[in-house]
Amino acid sequence: MKASWDIFCSVVDNYGDIGVTWRLARQLVTEHQCHVRLWVDDLRAFEKICPQIDPQRACQQQDGVQVCHWPKQWPEEAAADVVIAAFACQLPHAYMEAMAERESTPLWLNLDYLSAEDWVSGCHGLPSVKFRGVQKYFFFPGFQAGTGGLLREAGLLEQRRQFQADRQAQLDFLQGLGVVPAADTRLISLFAYENAGLGSWLQALAEDLQPSHLLVPEGRILGDVQRWLGVDSLPVGSVQVRQSLTVQVLPFVRQQDYDRLLWCCAFNAVRGEDSFVRAQWAARPMLWHIYRQDEDIHLDKLEAFLALYTRALSPDAGAAVLALWQAWNTEAEMAQAWKNLLQHWPEVAAHAEQWCLEQGSQADLAAALVQFYLNWI
Ligand code: TRH
């Protein structure tokens, strides 16, 4: 009998909470044949990354996952064999009671935020709080041995390689989004939070000899793009050209298509948690806009990742990556850092592929979760 899993997702803001849990839920079903219910308190955010979702329905089946609206008034529900509280969300009290009353105690896990900091491997798998005899455990994703790893679907890297080797498949995909890149254009995707440093980067791209085509999914960065362009609005589909730079606004696409977009681009600016990991699987040079946290603790996380990510680069190329990422995350002047990165492009591009290979050789997060459960029972 296959295990049943309940995953709880409270959408705090944006799309990372639902992005991560939806990806995990699908993978547990398709690769591990688990019965999965995904409880989400905001189906509108979900609909954005999965347009087939009907936000009006209390329960629906999507890709083998039972997607349920997490209502304020919790209905009576039996607890599953494995219960995941994503990103430390608080489970309904009545559900916790149901966990405690179960004949066989469920495995209760907190799926934590992703961080490259050293302490993560020491805390991964440790017991957390207890509720009426039901023990909760920390489960930390991560980049190093001893952590829970990263979400990575089976065959993802092979699919990505085939797609990147097939120019026509990329052109067809881009055309479906209304994008027709000119030959020799550097394609760049831009998914970021508001950033006062953006203008200086766009200026450098506009003044560059090599043309760039910037693809911007609709979202929070558009105000800064608009300001630099000097236009009043930038609806989806708009195309604006300034010297060497073409800027095009894209619709938000479903997760699988966002992957393809990343695979098409020579450089990906990403944010948050999930798009950050997807850009690593795209194996192209990238730029991370980390989610801002109180007291700048996100800068420690950024530093920890950069220390790992730049370890195998030459000192000059490593310094170029570091300077660009630091400038972006402190909303500082970007032009010089960008030009400097271009000097090291071949090395940074080869390293992105190498990093992806290295990370891809570790157990993925869904497999690690299943293994954790098997070891626990
Ligand atoms: O949207 P994010 O900023 O989300 C989160 C949340 O803010 C969360 O509270 C915070 O803790 C976390 O960041 C660190 O960024 P993220 O994580 O990259 O999520 C975006 C999701 O949207 C990801 O699953 C990819 C998906 N996506 C699409 O499906 N289509 C698109 O067109 C785009 C641009 C993204």
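Determine if the stretch 209-223 includes at least one residue that is more than 16 Å from the ligand (Cβ to nearest atom), charged (D, E, K, R) and touching a residue at least 24 places away in the same chain (Cβ under 8 Å). Give the derivation first.
First, pick out the residues of the stretch 209-223 that are more than 16 Å from the ligand (Cβ to nearest atom): 209-213.
Next, from what is left, pick out any that are charged (D, E, K, R): none.
No, the stretch 209-223 contains no residue that is more than 16 Å from the ligand (Cβ to nearest atom), charged (D, E, K, R) and touching a residue at least 24 places away in the same chain (Cβ under 8 Å).
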- Query: Here are some residues: 165, 154. Which one is of a type in the set (A, V, I, L, M, F, W, C), within 21 Å of the chain's Cα centre (by Cα), at pLDDT 95 or above and exposed (fewer than 15 other Cβ atoms within 10 Å of the Cβ)?
  - Reply: 154
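Return yes or no: is residue 47 out of contact with any strand residue (DSSP E or B) (no Cβ under 8 Å at 6 or more places or on another chain), away from the ligand (no atom under 16 Å from the Cβ), not aromatic (Phe, Trp, Tyr) and not in a strand (DSSP E or B)?
Values: out of contact with any strand residue (DSSP E or B) (no Cβ under 8 Å at 6 or more places or on another chain): yes; away from the ligand (no atom under 16 Å from the Cβ): no; not aromatic (Phe, Trp, Tyr): yes; not in a strand (DSSP E or B): yes.
It is false that residue 47 is out of contact with any strand residue (DSSP E or B) (no Cβ under 8 Å at 6 or more places or on another chain), away from the ligand (no atom under 16 Å from the Cβ), not aromatic (Phe, Trp, Tyr) and not in a strand (DSSP E or B).
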- Message: Any residue that is open to solvent by 10 Å² or more (accessible area, probe 1.4 Å), in the same structural domain as residue 330 (by TED's automatic domain parsing) and farther than 30 Å from residue 292 by Cα - is there at least one of those in the stretch 185-200?
- Response: yes
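Taking the condition of being of a type in the set (D, E, K, R) and more than 24 Å from the chain's Cα centre (by Cα), how many residues in the stretch 186-214 meet it? Show your work before the answer.
Restricting attention to the stretch 186-214, the residues satisfying the condition of being of a type in the set (D, E, K, R) are 186, 194, 207-208.
From the residues that got through so far, the ones that are more than 24 Å from the chain's Cα centre (by Cα) too are 207-208.
Matching residues across the stretch 186-214 total 2.
Condition check: open to solvent by less than 20 Å² (accessible area, probe 1.4 Å), of a type outside the set (Ser, Thr, Tyr) and away from the ligand (no atom under 16 Å from the Cβ). Does residue 149 satisfy that? I'd like the intermediate steps shown before the answer.
Details: open to solvent by less than 20 Å² (accessible area, probe 1.4 Å): yes; of a type outside the set (Ser, Thr, Tyr): yes; away from the ligand (no atom under 16 Å from the Cβ): yes.
In short, yes.
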- Query: Can you pull out the residues in the stretch 224-266 that are charged (D, E, K, R) and near the ligand (Cβ under 9 Å from one of its atoms)?
  - Reply: 254, 257, 259
- Grab the helices (runs of 4 or more DSSP H) fully contained in the stretch 187-302, keeping just those with 2 or more residues being of a type in the set (S, T, N, Q). 198-207, 255-264, 274-282
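Quick check on residue 169: is it free of Cβ contacts under 8 Å to residues at least 12 places away in the same chain and touching a helix residue (DSSP H, G or I) at 6+ places or on another chain (Cβ under 8 Å)?
Numbers: free of Cβ contacts under 8 Å to residues at least 12 places away in the same chain: yes; touching a helix residue (DSSP H, G or I) at 6+ places or on another chain (Cβ under 8 Å): yes.
Answer is yes for this residue.
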- Is it the case that some residue within the stretch 356-369 is touching an Asp or Glu at 6+ places or on another chain (Cβ under 9 Å), surrounded by 14 or more Cβ atoms within 10 Å (Cβ to Cβ), in a helix (DSSP H, G or I) and at pLDDT 95 or above? yes
- Out of the residues in the stretch 172-184 that are among the aliphatic types (A, V, I, L, M) and touching a residue at least 24 places away in the same chain (Cβ under 8 Å), which is most open to solvent (accessible area, probe 1.4 Å)? 182
- Message: So residue 331 passes all but one of these: (1) within 24 Å of the chain's Cα centre (by Cα); (2) closer than 30 Å to residue 207 by Cα; (3) part of a helix (DSSP H, G or I). Which condition number does it fail?
- Response: (3)
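Here's the yes/no breakdown for (1) in the same structural domain as residue 11 (by TED's automatic domain parsing); (2) surrounded by 16 or more Cβ atoms within 10 Å (Cβ to Cβ); (3) at pLDDT 95 or above:
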| residue | (1), (2), (3) |
| --- | --- |
| 226 | no, yes, yes |
| 247 | no, yes, yes |
| 282 | no, yes, yes |
| 290 | no, yes, yes |
| 297 | no, no, no |
| 311 | no, no, yes |
| 321 | no, yes, yes |
- Item | Counted residues, the stretch 102-120 - those being in contact (Cβ under 8 Å) with a residue 24 or more places away in the chain and not in a strand (DSSP E or B) | 11
- Message: Cβ-Cβ distance below 6 Å, separation of 6 or more or different chains: which pairs start in the stretch 6-29 with a residue that is closer than 20 Å to residue 81 by Cβ and end on one that is near the ligand (Cβ under 7 Å from one of its atoms)?
- Response: 9/17
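Condition check ((1) in a loop (DSSP other than H, G, I, E, B); (2) modelled with pLDDT of 95 or more; (3) surrounded by 11 or more Cβ atoms within 10 Å (Cβ to Cβ); (4) in the same structural domain as residue 32 (by TED's automatic domain parsing)) across all residues:
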{"position": "72", "(1), (2), (3), (4)": "yes, no, no, yes"}
{"position": "84", "(1), (2), (3), (4)": "no, yes, yes, yes"}
{"position": "91", "(1), (2), (3), (4)": "yes, yes, yes, yes"}
{"position": "100", "(1), (2), (3), (4)": "no, yes, yes, yes"}
- Note on the structure: Quick count over the stretch 249-276, residues being among the β-branched types (Val, Ile, Thr) and open to solvent by 10 Å² or more (accessible area, probe 1.4 Å), is 1
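The values are calculated or read from the model by the stated rules, or taken from the named source; none is laboratory data. Nothing here was measured: the structure is a model prediction, and the numbers come from that model. Reconstructed Cβ throughout: ideal geometry from the backbone, glycine too, with neighbour counts over all protein chains shown. Calculation scope for accessible area: heavy atoms of the full protein, side chains included, ligands and nucleic acids excluded. Shrake-Rupley method; radii C 1.70, N 1.55, O 1.52, S 1.80 Å.
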